[in-house]
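Input: a single structure, listed below in structure tokens.
Where a number appears in this text, it was derived from the coordinates with a stated rule and is not lab data. These figures come from a predicted structure and were not determined experimentally. Ideal geometry is used to build each Cβ from the backbone, glycine not excepted, and the neighbour counts take in all protein chains shown.
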Amino acid sequence: MIECTTCKISFSPSCRICPRCETYEPTLNERIEYLISAAEIALEEGAADADLESKLVQEGVSSQEAHEIVHERATKVRRATRYYGYKRLFGGIAMVFLAGFPFAAAIFGTTRRVTFTALGLMLAGMGVRLLVLGTRNILAGRD
Ligand SMILES: [Zn+2]
């Protein structure tokens with residue numbers, strides 16, 4: 001929270017000026033932490049780097065610093081997303097592999113062939129979906 005020196009009220013760092021007197025302007029220093037965490041959240045939600053940079057510049061951050069802030073966080077977010085992508089990819093491979101068992105039961109067994117086929121298709125479908133999603137995470141670095 002930021003305190004207005006004129007009205008002595010506290011207000012959110014999301015405000016660029018005091019909501020009561022509308023004259024007191026907090027310094028960039030008082031708002032920078034808020035601005036950075038807002039940028040981090042937006043990045044996780046898939047916002048474009050360039051949009052976030054220009055938003056920070058509008059808030060008074062120098063373009064050099066805005067670039068550094070966004071670049072550093074974007075790298076972090078992308079790394080985490082890629083790691084998640086690899087987990088999805090391996091989960092998908094495991095599921096496709098597991099789908100082989102019900103398929104084998106359906107092909108070589110004599111009973112409940114429809115059930116085993118359905119189970120195999122379900123596992124294979126989920127596996128392929130994970131493979132696709134995981135690959136997309138790894139390539140794009142976003143969800
Ligand atoms: Zn005020």
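Inter-part distance, segment 1-60 to segment 101-124, computed on C-alpha centroids, equals 58 Å. Each of Lys55, Lys76 was scored by other Cβ atoms within 10 Å of its Cβ. Arranged with the fewest first, they read Lys76, Lys55. In the chain, Rg over Rh equals 1.34, where Rg is the alpha-carbon radius of gyration and Rh the Kirkwood radius from pairwise Cα distances. Just so you know, the Cα atoms of segment 61-124 work out to an Rg and Dmax of 22.2, 72 Å.
Between Ala48 and Lys76, full extension at 0.36 nm per residue minus the direct alpha carbon distance yields a gain of 8.6 nm. For the chain, the mean residue ellipticity at 222 nm estimated from helices alone is -25000 deg cm²/dmol, where every DSSP H run of n ≥ 4 contributes -39500 (n - 2.57) and the total is divided by all residues, rounded to the nearest 500. In terms of packing, defined here as the mean over residues of other Cβ atoms within 10 angstrom, the peptides 96-106, 24-34 line up highest first as 96-106, 24-34. Of the complete DSSP H runs in the chain, those spanning 20 angstrom or more by Cα along the long axis with a mean Kyte-Doolittle score not below 0.0 are 28-44, 63-108, 113-140. Under 19 Å from the 7 Å Cα→Cβ point of Leu98, by amide nitrogen: which residues of segment 112-133? Zone members listed by number: 115-133. Within the shell of other residues whose beta carbon sits under 11 angstrom from the beta carbon of Ser10, the net charge comes to +1, with Lys and Arg scored +1 and Asp and Glu -1.
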